[in-house]
Amino acid sequence: MTEPLIYDQSVPGRTGVILPGCDVPETPLPTDLMRDDLDLPEVSELQVIRHFVRLSQLNMAIDTNFYPLGSCTMKYNPKINEDVARLPGFAHLHPLTDEEGAQGALAVMYELQRWLAEISGFDAVSLQPAAGAQGEFAGILMIRKYHLDNGHPERTKILVPNSAHGTNPATVSMAGLRVVELPSDEDGNVDLEALRRECDETVAGMMITVPSTLGLYERQILDVIQAVHDCGGLMYMDGANMNSQLGIVKPAELGFDVMHYNLHKTFSTPHGGGGPGSGPVAVTEKLAPYLPGPIVTIVEEPKDENDAPLYGFTMPEKSIGRLKVFHGNFGMHTRAYTYMRVHGAEGLREVARHAVLNANYVRVKLQDDYHIPYNRPCGHEFVLEGRFEGVDEVHALDISKRLIDYGYHPPTNYFPLIVNEALLIEPTETEDKQTLDGFVEAMKQIAKEARENPALLREAPHTAPVRRVDEVKAAKQLVLCCRPIPAPERAKNEQAS
Amino acid sequence: MAQLNYPSDLKYARTDEWVRLEGDIATIGISDFAQDQLNDVVFVELPEVGTEVKKGEPFGTVESVKAASDLNAPVTGTVTEVNDAVRDNPELINSDPYERGWLIKVKVSDPDSLNDLMDSAAYAKYNEPRM
């Protein structure tokens, strides 16, 4: 590391703050609550500032570099979102404030529910789920409860294509239902024959990511939905990839019964260490009574055009219950609301158009240098293979590490699992042509280096403050420690390796 | 691609486990193809002796720097022995998948469950398009 640990900078007796003298009589603390040592570094304020500013400068992030992890991890978060979320009326609102005292916040939630319903074509929305996986969990519980209410306890099977997000099968298991994995055909679509074989009276539903994790639109999505509906199952859409569909396709109009959004992907709220997620669920009328609650409704219509409605919290009639204390991750609701207000309907459509255009531009530019297994027009992302014929020693990981030397953040590695040495590239809508051309040039250069000098890739990154990390050792001997490891521990670790 | 090895005295499942049958005891591990695809294995979760395993159903997990995968039972029966060495040193799965990297031994209760396993030639052919 180029920056020593804060504990290594500690000097006994040094303090960071000057406390005022005590102006009340001192009362000794109970002796059983007293301790002799406090495991904190002793540093000055300026040392702390310099330490953390330097650490932040070692970061490679979307605010510093092109970041082809895309919306999947986190697209650019416009700074105005932060301004709005910090307005005192939002930021200082106590979560136990009664409904009448929180009308502004409720209005934001109500509008957000309404807009998410409009974008998806669904009838009702709950903002409760804390993130995408909880949205999925809510969706599957609603499907289960719907079948139970209709006298079908035997419907316990959920179909999941192998191109789905990994959380989909995990959700099914969490809900106590049974996963049946479906293969993909050679174009990356769901294998329709395999699907029809599984469609029987035990099907509760199907979970499908649209576009899939390969970044591909299912060409036979209507047939897939029809097949599942014909056997009495319900269709769940994983909306993690909505960035490619905003204002273009309404999932409800395709025939889906329920979906979740990831506000932290599609609607630019922070994610991945930057903030909690938010995974609202949207449903058709027949599933609306099962939504997790409470949801925001109008409890009293406005008296005239100068009056505002009175908003309140309502528990849907047959709700699967509460998923989260208070009202979901409200800070994310304000940011997503801001993003939607800034863009407007046409702007959101442009987001999807540019996200798709940028991904396809990079895909076509790279198709002569890399093998792209499902090479057809893609959504907002595409997958290429990070390996080269006749160069056994170069893997996707080496390409990613070399990208760091060129000033680009690596894309997603080794996912989706159905592509060998997968590199999943998602530029997002915010990147201009010059940036994309620079990235393409670097990728072409790396393909050339792989053949001419593979060691350059194997040993990359060469320019980053931290060189190649030992991933095996990191996985097997994880040491999460913000202070120097005591000598005996260190000796033990070194011995073990 | 690296040259992969599929010993001819073993049987192979479509989910990439191998089986060595001696009497009614099946020794089970994962193939060279599987370990190559997974990359460095860092963790393996195996059942206890006495556990009933069912063909096609998961009996454990293998985790590498790339991914976590289910281990699927290639036969039906009862676990009689578990390779403790591989629990402590999961890298044995990479370095020696067919000998020191074996995972469990199973007393086969349903000999029919072995029927659809592939021989080494068929398994090599099965892997070609997957490389």
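The values are calculated or read from the model by the stated rules, or taken from the named source; none is laboratory data. It should be emphasised that the depicted structure is a prediction, and the values quoted were computed from it without experimental measurement. Cβ atoms come from the backbone with ideal geometry, glycine included; neighbour counts cover every protein chain shown. Just so you know, the surface numbers come from the protein's heavy atoms only, side chains and all, with ligands and any DNA or RNA stripped out. Shrake-Rupley method; radii C 1.70, N 1.55, O 1.52, S 1.80 Å.
Here are a few things to note about the model shown:
- Per residue accessible area of chain B, 1.4 Å probe, in Å²: 48 Å²
- The GluC sites (Glu not before Pro) of the stretch A:23-108 that DSSP puts in a loop, and whose beta carbon has at most 10 other beta carbons within 10 Å, are A:E26.
- Distance between the pseudo-spin-label points of B:E22 and A:E181 (7 Å out from Cα toward the beta carbon): 3.1 nm.
- Sequence-distant residues sharing a close amide H with A:G321 (under 5 Å, placed H): A:G293
- Taking GluC sites (Glu not before Pro) across the stretch A:306-367, the ones in a DSSP loop with at most 11 further Cβ atoms lying within 10 angstrom of their Cβ are A:E317.
- Partner aspartates and glutamates whose Cα lies under 13 Å from the Cα of A:K79, excluding those fewer than 8 positions away in the same chain, are identified as A:D63.
- For the stretch B:11-108, the share of accessible area belonging to carbon and sulfur comes to 44 percent (1.4 Å probe, ligands and nucleic acids excluded).
- Protein heavy-atom surface of the stretch A:80-341, 1.4 angstrom probe: 51% of the accessible area is carbon and sulfur, with nucleic acids and ligands not counted.
- Occluded residues from the stretch B:52-97, i.e. those whose accessible area drops by 50 Å² or more once the chain is not alone (1.4 Å probe): B:V65, B:K66
- Total formal charge among the other residues, if their Cβ is under 10 angstrom from that of B:Y126, Lys/Arg +1 and Asp/Glu -1: +1
- Think of each Lys and Arg Cβ as +1 and each Asp and Glu Cβ as -1; about the Cα centre, that makes the dipole of chain A roughly 660 debye.
- Neighbour net charge for A:D149 - beta-carbon separation under 12 angstrom, K R +1, D E -1: +4
- Quotient of C-alpha Rg and 2.2 N^0.38 Å, computed over the stretch A:347-458: 1.04
- Projected label distance in nm at A:E118 and A:L5, using a 7 Å step from Cα toward the beta-carbon: 5.4 nm
- Split chain A at each of the trypsin sites (Lys or Arg not before Pro) in a DSSP loop with at most 10 other beta carbon atoms within 10 Å, and the longest piece is A:36-302.
- For B:S64, the residues whose modelled amide H falls within less than 5 Å of its own, excluding neighbours fewer than 5 places apart on the same chain, are B:V42, B:S69.
- If the segment from A:H371 to A:S173 were pulled out straight at 0.36 nm per residue, it would be longer than the present Cα-Cα gap by 67.8 nm.
- Semi-axis lengths, Å, the stretch A:80-341, gyration tensor of Cα atoms, sqrt of 5 times eigenvalues: 33, 20, 16
- Positive minus negative residues near B:S113 (Lys, Arg vs Asp, Glu; Cβ under 13 Å): -3
- Whole-Hz ³J(HN,Hα) from phi, Karplus 6.51 cos²θ - 1.76 cosθ + 1.60, for the stretch B:92-108, glycine and proline x: 4, 5, 6, 7, 8, x, 9, 10, 5, x, 4, 10, 9, 10, 10, 7, 6
- Estimated D of the stretch A:321-398 in µm² per second, where Rh is the Kirkwood radius over Cα pairs and Stokes-Einstein applies at 10 °C, 1.306 mPa s: 98 µm²/s
- Cα-based equivalent ellipsoid, the stretch A:174-277: semi-axes from gyration tensor eigenvalues, Å: 26, 16, 13
- The equivalent ellipsoid that matches the C-alpha gyration tensor of chain A spans semi-axes of 39, 36, 23 angstrom, in descending order.
- Restricting the stretch A:178-231 to GluC sites (Glu not before Pro) that sit in a DSSP loop and have at most 13 other Cβ atoms within 10 Å of their own Cβ leaves A:E186, A:E201.
- Between the beta carbons of A:N306 and A:I248, assuming R0 = 30 Å, the FRET efficiency works out to 0.20 to the nearest 0.05.
- Rough spin-label spacing in nm, given labels placed 7 Å along Cα→Cβ, for A:N59 and A:E389: 4.3 nm
- Pairwise centroid distance, computed over Cα atoms, of the stretch B:84-101 with the stretch A:147-166, Å: 37 Å
- The residues of the stretch A:404-445 occluded by other protein chains by 40 Å² or more of accessible area, set against the chain on its own, are A:Y414, A:N420; surface from heavy atoms, 1.4 Å probe.
- Straight-distance crosslink candidates among lysines, where the alpha carbon sits under 18 Å from B:K107 and sequence neighbours closer than 8 are dropped: B:K11, B:K54, B:K55
- Dimensions of the stretch A:221-344 from C-alpha coordinates, computed as largest minus smallest value along each principal axis and given longest first, are 48, 35, 32 Å.
- Rolling a 1.4 Å probe over the protein heavy atoms leaves A:L478 with an accessible area of roughly 120 Å².
- Chain B: radius of gyration over Cα atoms, expressed as a fraction of 2.2 N^0.38 Å: 0.96
- Förster radius 30 Å - calculated FRET efficiency between A:R86 and A:L46 (Cβ-Cβ, nearest 0.05): 0.70
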